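Chemist: Handing you this structure, nothing more for now.
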Amino acid sequence: EPEEPSLLKKLLLAPANS
Amino acid sequence: PSASPQPPSLPPQVLELLRCDPDELVVQNKIVAHLQQEQSGRGRLDKPSTFSLMCRMADQTLFSIVEWARSCIFFKELRVGDQMKLLHNCWSELLVLDHIFRQVQHGQEDSILLVTGQEVELSFILSQAEATLSSLVQRGQELAVRLRALQVDRREIACLKFLLLFNPNVKLLEDQAFVEGVQEQVNGALLEYTLSTYPQFQEKFSQLVVRLPELRSLSTQAEDYLCYMHLSGEVPCNNLLIEMLHAKRA
């Protein structure tokens, strides 16, 4: 089962000012 | 008291680090708006417990810390893997330091200033909280008193935050040398700043740095408490706070 993406990773990879 | 005198020459590096700091009022308004939105969604009758509210505040403050980190000089040059490792290592210290410096600026030993700008009587918190949380809050207040006595200012806190974030002891970093280099540069900038700004207090740099292990001990105790409360189902789930707690202890 694919691991749920980390919230932290999502935040770090989100475009600036998103 | 933490308003620092105008130093003859502010090390440019310290200016750079300070420039990364977010506008406190913007952060405060964002968190207040978010909590109000959450509460309106919950309905008037569903009143969160004091601890649950504190968790929500801490969670939102953690979001703002991640936002600060990702926009920081040096940090944005790292790959996301290293960024995550560094934040997993120091998130609780940054949270606790954020809280403690707010109390240093607040300057009141009998009350606590929350990130939302609300002031809460210490006696109220101690009457509500059980023993472990009370001791945490007390320890936080004591560290705030010590830092206030040192006349720690915003620029020094900006440097300390970088020293916490760029911790060369974090394992399995891809770019270990870079992190070590930043740690060295920031140490140098903080030393230069304290010597030039507080010439009458030659030991200020070492007095500041000696507080970091205390901060780490306090943040480890806070994590332990959070873990305990999480296992008792007391912490609102699905939030950054719990993810970071798990990541650090995995």
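Chemist: Could you please find all residues in region B:116-134 being under 18 Å from the mean Cα position of the chain (by Cα) and under 17 Å from B:Leu218 (Cβ atoms)?
Modeler: B:Leu133
Chemist: Still on this structure: So if I check each of B:Phe63, B:Phe74, B:Phe51, which one is touching a Lys or Arg at 6+ places or on another chain (Cβ under 9 Å), aromatic (Phe, Trp, Tyr) and in contact (Cβ under 8 Å) with a residue 40 or more places away in the chain? Explain how you work it out, then say what you get.
Modeler: On the way: B:Phe74 fails: touching a Lys or Arg at 6+ places or on another chain (Cβ under 9 Å); B:Phe51 fails: touching a Lys or Arg at 6+ places or on another chain (Cβ under 9 Å).
Checking each option against the conditions leaves just B:Phe63.
Chemist: Hey, another quick one. Any idea which residue in region B:59-94 is farthest from the other protein chains (Cβ to nearest Cβ), counting only those that are buried (at least 22 other Cβ atoms within 10 Å of the Cβ) and among the small types (Gly, Ala, Ser)?
Modeler: Going through the qualifying residues, I end up with B:Ser92.
Chemist: A further question follows. Modelled with pLDDT of 95 or more, within 14 Å of chain A (Cβ to nearest Cβ) and under 21 Å from B:Arg216 (Cα atoms): does that describe B:Asp98? Please lay out each step first, then the result.
Modeler: Details: modelled with pLDDT of 95 or more: yes; within 14 Å of chain A (Cβ to nearest Cβ): no; under 21 Å from B:Arg216 (Cα atoms): yes.
So B:Asp98 fails the test.
Chemist: Report whether or not B:Val152 is in contact with a helix residue (DSSP H, G or I) (Cβ under 9 Å, 6 or more places away or on another chain), touching a residue at least 24 places away in the same chain (Cβ under 8 Å) and either of a type in the set (Ser, Thr, Tyr) or in a helix (DSSP H, G or I) (or both). Before the answer, list the steps.
Modeler: On the way: in contact with a helix residue (DSSP H, G or I) (Cβ under 9 Å, 6 or more places away or on another chain): yes; touching a residue at least 24 places away in the same chain (Cβ under 8 Å): yes; either of a type in the set (Ser, Thr, Tyr) or in a helix (DSSP H, G or I) (or both): no.
Answer is no for this residue.
Chemist: In region B:102-138, how many residues are in contact (Cβ under 8 Å) with a residue 60 or more places away in the chain, within 21 Å of B:Gln151 (Cβ to Cβ) and in a helix (DSSP H, G or I)?
Modeler: 2
Chemist: Only one residue in B:Leu53, B:Leu113, B:Leu15, B:Leu35 is more than 14 Å from chain A (Cβ to nearest Cβ) and at pLDDT 95 or above, so which one is that?
Modeler: Details: B:Leu53 fails: at pLDDT 95 or above; B:Leu15 fails: at pLDDT 95 or above; B:Leu35 fails: at pLDDT 95 or above.
Result of the check over B:Leu53, B:Leu113, B:Leu15, B:Leu35: B:Leu113.
Chemist: Now for a different question. Got a sec? Which helices (runs of 4 or more DSSP H) wholly within region B:160-250 have at least 2 residues that are at pLDDT 95 or above and closer than 25 Å to B:Leu78 by Cα? Quick ask: steps written out before the conclusion?
Modeler: Values: elements: B:176-197, B:204-209, B:212-231, B:240-249.
Here the list reads B:176-197, B:212-231.
Chemist: How many residues does region B:199-250 contain that are surrounded by fewer than 16 Cβ atoms within 10 Å (Cβ to Cβ), within 14 Å of chain A (Cβ to nearest Cβ) and under 20 Å from the mean Cα position of the chain (by Cα)?
Modeler: Matching residues across region B:199-250 total 1.
The values are calculated or read from the model by the stated rules, or taken from the named source; none is laboratory data. For clarity, every value in this text was computed on a predicted model and none was experimentally measured. No Cβ is skipped: glycine too gets one built from the backbone with ideal geometry, and neighbour counts run over all protein chains shown.
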